[in-house]
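Here it is, the structure in full.
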Amino acid sequence: MTVNNRPVEYLLDPDTPLLWALRDASNLTGTKYGCGTGDCGACMVLVDGVALRSCLVTIAEAEGRLVTTIEGLSRDRSHPVQQALVAEQAIQCGFCTPGIAIAAAALIEDNPSPSREDIDAAIPNLCRCGVYPRLARAIKRASEAASGAAPIEAAPPPAIEPAEAARDVPALRPTSAPPRD
């Protein structure tokens, strides 16, 4: 498969959830483990441009496909969704944010001008901090920025250089799947 525009071969059991291959074998830890049942959306990634819960997709099902994680959405946090989430202060603890950003990016790609109802339907993610009104505003703002109507002037979070946050980490090739409880 191709992960964040790089060819990757996982030498893991084909039934390994994509989530664990990304986190453990490729060190792409932006994709979060939340529930393991597909209910929370913390593990959302793009697979061939479609937002999917990576805890429910095996690496066998992802074979030959293009996978994009939050790290691959933009290397410098310049994606309109990332910029809008910061500008609208729609991030609290940040745990659910990568999955929400992925789902929002897929929504805006499919629907450049989503309504509030479209946003509510397309973002199934659970946010324990309850920032849903700000998330909806941020996604609407991101759609406007993506269309070029209203650019966003948002800086990256303080004390984190974009280059450091998006640094390359070589993919590891373990010879066997780690045990799962």
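May I ask you to say which residue of Glu88, Glu117 is touching a Lys or Arg at 6+ places or on another chain (Cβ under 9 Å), among the acidic types (Asp, Glu) and assigned by TED's automatic domain parsing to the domain that holds Ala145?
Values: Glu117 fails: touching a Lys or Arg at 6+ places or on another chain (Cβ under 9 Å).
Exactly one of Glu88, Glu117 is touching a Lys or Arg at 6+ places or on another chain (Cβ under 9 Å), among the acidic types (Asp, Glu) and assigned by TED's automatic domain parsing to the domain that holds Ala145, namely Glu88.
With the checklist (1) assigned to a loop (DSSP other than H, G, I, E, B); (2) crowded, with 21+ Cβ neighbours inside 10 Å in hand, flag the one item Ala103 doesn't pass.
Unmet for Ala103, out of (1) assigned to a loop (DSSP other than H, G, I, E, B); (2) crowded, with 21+ Cβ neighbours inside 10 Å: (1).
Quick check on the range 55-74. Is at least one of its residues at positive phi and either touching a strand residue (DSSP E or B) at 6+ places or on another chain (Cβ under 7 Å) or not assigned by TED's automatic domain parsing to the domain that holds Leu107 (or both)? Give the steps one after another, and end with the answer.
We begin by selecting, within the range 55-74, every residue at positive phi; these are 64.
This time we only want the ones that are either touching a strand residue (DSSP E or B) at 6+ places or on another chain (Cβ under 7 Å) or not assigned by TED's automatic domain parsing to the domain that holds Leu107 (or both), so: 64.
Scanning the range 55-74 turns up at least one residue that is at positive phi and either touching a strand residue (DSSP E or B) at 6+ places or on another chain (Cβ under 7 Å) or not assigned by TED's automatic domain parsing to the domain that holds Leu107 (or both).
Scanning for something surrounded by 22 or more Cβ atoms within 10 Å (Cβ to Cβ), in a loop (DSSP other than H, G, I, E, B), of a type in the set (Val, Ile, Thr) and at pLDDT 95 or above, does the range 32-48 turn up at least one residue?
For the range 32-48, residues surrounded by 22 or more Cβ atoms within 10 Å (Cβ to Cβ), in a loop (DSSP other than H, G, I, E, B), of a type in the set (Val, Ile, Thr) and at pLDDT 95 or above: absent.
What is the residue count in the range 107-135 for residues that are surrounded by 21 or more Cβ atoms within 10 Å (Cβ to Cβ) and either small (Gly, Ala, Ser) or under 16 Å from Gly38 (Cα atoms) (or both)? Can you show your working first?
Step one: list which residues in the range 107-135 are surrounded by 21 or more Cβ atoms within 10 Å (Cβ to Cβ), which gives 107-108, 114, 119, 123, 125, 127, 131, 135.
Imposing the further condition that a residue be either small (Gly, Ala, Ser) or under 16 Å from Gly38 (Cα atoms) (or both) reduces the set to 123, 125, 127.
So the answer is 3.
Sticking with this structure for a sec: What tally of residues in the range 120-144 results from selecting those that are more than 18 Å from Val86 (Cα to Cα) and outside any loop (DSSP other than H, G, I, E, B)?
3
Report yes if some residue within the range 9-22 is out of contact with any helix residue (DSSP H, G or I) (no Cβ under 6 Å at 6 or more places or on another chain), assigned to a strand (DSSP E or B) and modelled with pLDDT of 95 or more; otherwise report no.
Taking every residue of the range 9-22 in turn, at least one turns out to be out of contact with any helix residue (DSSP H, G or I) (no Cβ under 6 Å at 6 or more places or on another chain), assigned to a strand (DSSP E or B) and modelled with pLDDT of 95 or more.
Turning to a different aspect of this structure: Just to be sure I understand, how many residues within the range 83-120 are without any contact (Cβ under 8 Å) to a residue 40 or more places away in the chain, more than 20 Å from Asp48 (Cα to Cα) and under 14 Å from the mean Cα position of the chain (by Cα)?
Adding up the residues that qualify gives 2.
The values are calculated or read from the model by the stated rules, or taken from the named source; none is laboratory data. What you see is a predicted model; the values in this text were computed from it and never measured. A quick note on method: Cβ atoms are made from the backbone with ideal geometry, for glycine too, and the neighbour counts reach across all protein chains shown.
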